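Computed from the coordinates by the stated procedures, all read-outs in this text should not be read as laboratory data. Every value quoted in this text rests on a predicted model; they were computed, and no experiment measured them. Reconstructed Cβ throughout: ideal geometry from the backbone, glycine too, with neighbour counts over all protein chains shown.
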DNA sequence: TCAATAGTTCAATTATATTGAACTATTGAA
DNA sequence: TTCAATAGTTCAATATAATTGAACTATTGA
């Protein structure tokens, strides 16, 4: 049984968030999640079909451990949501400012 | 004679800026440059004295190639300035938003 | 029961970061 | 003019992180 580790709000760091968003693929994942504004499976939010699923899994882990997404396994798939509220509490305005220029 | 390469404004990328600022040491360099609000030599802006100068040189190169600082060699030292105006033209508000939460 | 689905984990390879050592260029003093 | 000191760069070696294929786990639905 896979259990995911998520940082609490106070453990979200600036450089952690920046590192996570400093990758074009992860930025695209986050952008597609803001557009959907709902849970997305990993494959649904995949930035491109050519990426190996182990790489995709790695990127989701980075986003998760930076505190940017929350992942829950439901049935056979993972349901990922943006932790917009948490990030906005921790760093008000930051995420929107970055996403303003993403894509 | 060392000649430094700087990207033009339109070649500054979001992920480039985020990658450059996603490192705690580079973030401290940038913060100390905003506090000084003037040219700083590499060693003057060094985030800690224990860092090898080759590592420091590497960090300044990353910042330079991301378009965050401009470097000119004057005499024996490098004079580094933040390209605040350029970054603000390219991504209005982004740099201030990030620096708001730095350190 | 068993194949399909959705993802994780592992091990190997590739790429990036860190550092000491050797180098370059400039200055200032003897 | 020589030469040591200063301020950095570059190089080669090592250490750390990213990418991927292959094997694995867990869940569902036929």
**Asked** Under the condition of being in a loop (DSSP other than H, G, I, E, B) and surrounded by fewer than 19 Cβ atoms within 10 Å (Cβ to Cβ), which residue from the range A:51-90 is nearest to the other protein chains (Cβ to nearest Cβ)?
**Response** A:51
**Asked** Are there any pairs, at least 6 apart or on different chains, whose C-beta atoms fall under 9 Å, with the first in the range A:76-89 and without any contact (Cβ under 8 Å) to a residue 40 or more places away in the chain and farther than 15 Å from residue A:36 by Cα and the second in a helix (DSSP H, G or I) and more than 15 Å from DNA strand C (Cβ to nearest atom), and if so, which?
**Response** A:88/A:94; A:88/A:95; A:88/A:96
**Prompt:** Given the conditions (1) within 12 Å of DNA strand D (Cβ to nearest atom); (2) free of Cβ contacts under 8 Å to residues at least 40 places away in the same chain; (3) surrounded by fewer than 19 Cβ atoms within 10 Å (Cβ to Cβ); (4) outside any helix (DSSP H, G or I), and given that residue B:46 satisfies all but one, which numbered condition is not satisfied?
**Reply:** (3)
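Restricting to the range B:30-41, and then to whatever is within 16 Å of DNA strand C (Cβ to nearest atom) and crowded, with 18+ Cβ neighbours inside 10 Å, can you tell me which residue is farthest from residue B:102 (Cα to Cα)?
Ranking the candidates gives B:39 first.
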**Asked** Residue check, residue A:18 against (1) in a helix (DSSP H, G or I); (2) surrounded by fewer than 21 Cβ atoms within 10 Å (Cβ to Cβ); (3) within 16 Å of DNA strand C (Cβ to nearest atom), all met but one. Which one?
**Response** (2)
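For the range B:21-43, which positions are part of a loop (DSSP other than H, G, I, E, B) and either under 22 Å from residue A:14 (Cα atoms) or touching a helix residue (DSSP H, G or I) at 6+ places or on another chain (Cβ under 7 Å) (or both)?
Within the range B:21-43, B:22, B:23, B:42 qualify.
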